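These notes concern the structure reproduced below.
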Amino acid sequence: MEEKRTAENTDRGISALIEKLDARHSLELGEYESLIRNRTAAALLARKASAVRQRIYGRDVYVRGLIEISNICKNDCYYCGIRRSNRACDRYRLSEQEILECCAQGYALGFRTFVLQGGEDAYFSDEVVCRLVRQIKQNHPDCAVTLSLGERSRESYQRMFDAGADRYLLRHETADKAHYEKLHPPQMSFDNRMRCLRDLRRIGYQVGCGFMVGSPYQTARTLAEDLKFIEEFQPDMCGIGPFVPHQATPFAKEPAGTVELTCYLLSLIRLICPNVLLPSTTALGTIDPRGREKGILAGANVVMPNLSPIAVRKKYELYDNKICTGDESAQCRHCLEQRMESIDYHVVTARGDIRGWRDPH
Ligand code: SAH
């Protein structure tokens, strides 16, 4: 009896925290931790997040054409399938011509944002990336270019911005330094990743951070730190998806993250940053056939179908069983369109900048 009453009290406390977050977009670290530990009010949270999302973005879903330009990487992140030490990974790099063709195809399919993502491949020097960005912007002046090419110098980020790049995605991976060091080899530094994010912001990019849900050694505390970081950093985009093990990495035997916790965190992030561009990720679709629909219903407003050439799709294998590696770009696009329609959301043909954005170029 006593115990039951205590439980009811905590549940009331949790609902009150959700109301408070909805009103103030800010909580104490310990409060975030309580929300993560006690997820009894998930339905209330999802309702609130969905209402906020609909007030700002309606039932529109922005699409980004993801072009995986290279799986060659100098880094050795313990979780990632394209890490340098993975000898079994069949390496590739797209030519400038191939990348421009992907964009042209994407444009015809209604994409107005292209995301160039890749491993940290030295071939993609500032000169090469700047030339590419200029060419894409010249071919498609009404499109946004997002880069996701890892850690670079401030000068490099500046040059790419000056060439016309609009956005940059660089997941912080975890806001806890000790946790960061358990996910990365000693050559990689938490402080440098954070430096990159701050440089990107100062330069004028729309900046995306983010993390994996259920990564090894993650705790309610480190997740609370992620949320506090997001609250303080105020990213324009936030990429979160479940960790999914890759068989040729040190984390091969670790369990994957869950749909339930990923969706719960998507909802929390929507309440922390109401305007944020929040993708329902491919990793979420990989662990659950309706994962991406569930992400949208939890408050996400972006999907990122694959525009990479079929021949390389399987090779950009960050984790096992990644979906959409066998489909044509057009199929991916239509499949997602139908998935969104099935929950009464609608893919739109638009750049999809964050609400209130003014182009600094
Ligand atoms: N080199 C770029 C792009 C990395 S790939 C960069 O450093 O930003 C994009 C994201 O995929 C990573 O930031 C990571 O969060 C995610 N990722 C990598 N391995 C993963 C795995 N095993 N499961 C789920 N997500 C993974």
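Go through LEU336, LEU318, LEU297 for me and flag whichever is crowded, with 17+ Cβ neighbours inside 10 Å, among the hydrophobic types (A, V, I, L, M, F, W, C) and closer than 17 Å to CYS263 by Cβ.
Among LEU336, LEU318, LEU297, only LEU297 is crowded, with 17+ Cβ neighbours inside 10 Å, among the hydrophobic types (A, V, I, L, M, F, W, C) and closer than 17 Å to CYS263 by Cβ.
Taken together, the residues in the range 88-99 that are free of Cβ contacts under 8 Å to residues at least 60 places away in the same chain and either more than 23 Å from the chain's Cα centre (by Cα) or assigned to a loop (DSSP other than H, G, I, E, B) (or both) amount to 3. Just one of the listed residues (ASP236, ASP199) is more than 10 Å from the ligand (Cβ to nearest atom), out of contact with any Pro (no Cβ under 7 Å at 6 or more places or on another chain) and farther than 23 Å from LEU27 by Cβ, and it is ASP199. Here ILE296 fulfils each of the conditions (1) at pLDDT 95 or above; (2) farther than 30 Å from ALA51 by Cβ apart from (2).
The set of residues from the range 169-179 being within 14 Å of the ligand (Cβ to nearest atom) and more than 26 Å from ALA104 (Cβ to Cβ) comprises LEU170, ARG171, HIS172, GLU173, THR174, ALA175, HIS179. The set of residues from the range 248-273 being touching a strand residue (DSSP E or B) at 6+ places or on another chain (Cβ under 8 Å) and more than 14 Å from the ligand (Cβ to nearest atom) comprises LEU266, ILE269, CYS273. The set of residues in the range 23-81 that are part of a loop (DSSP other than H, G, I, E, B), of a type in the set (Val, Ile, Thr) and within 30 Å of MET188 (Cβ to Cβ) contains only ILE72.
In contact with a helix residue (DSSP H, G or I) (Cβ under 7 Å, 6 or more places away or on another chain) and not aromatic (Phe, Trp, Tyr) - does that describe any residue in the range 78-91? Even if it seems obvious, please write down each step before you answer.
So the first thing to find is which residues in the range 78-91 are in contact with a helix residue (DSSP H, G or I) (Cβ under 7 Å, 6 or more places away or on another chain), and the list is 78-79.
Among the residues that remain, those that are also not aromatic (Phe, Trp, Tyr) are: none.
No, every residue in the range 78-91 fails to be in contact with a helix residue (DSSP H, G or I) (Cβ under 7 Å, 6 or more places away or on another chain) and not aromatic (Phe, Trp, Tyr).
Of all residues in the range 182-202, those that are assigned to a helix (DSSP H, G or I) and more than 14 Å from LEU147 (Cα to Cα) total 11. Filter the range 134-168 down to the residues that are away from the ligand (no atom under 14 Å from the Cβ), of a type in the set (Lys, Arg) and under 24 Å from the mean Cα position of the chain (by Cα) and list them by number. Those that are away from the ligand (no atom under 14 Å from the Cβ), of a type in the set (Lys, Arg) and under 24 Å from the mean Cα position of the chain (by Cα): LYS137, ARG154, ARG159.
The values are calculated or read from the model by the stated rules, or taken from the named source; none is laboratory data. Predicted, not measured: the structure shown is a model, and the values here were computed from it. Because the Cβ atoms are built from the backbone with ideal geometry, glycine has one as well, and the counts that use them run over all protein chains shown.
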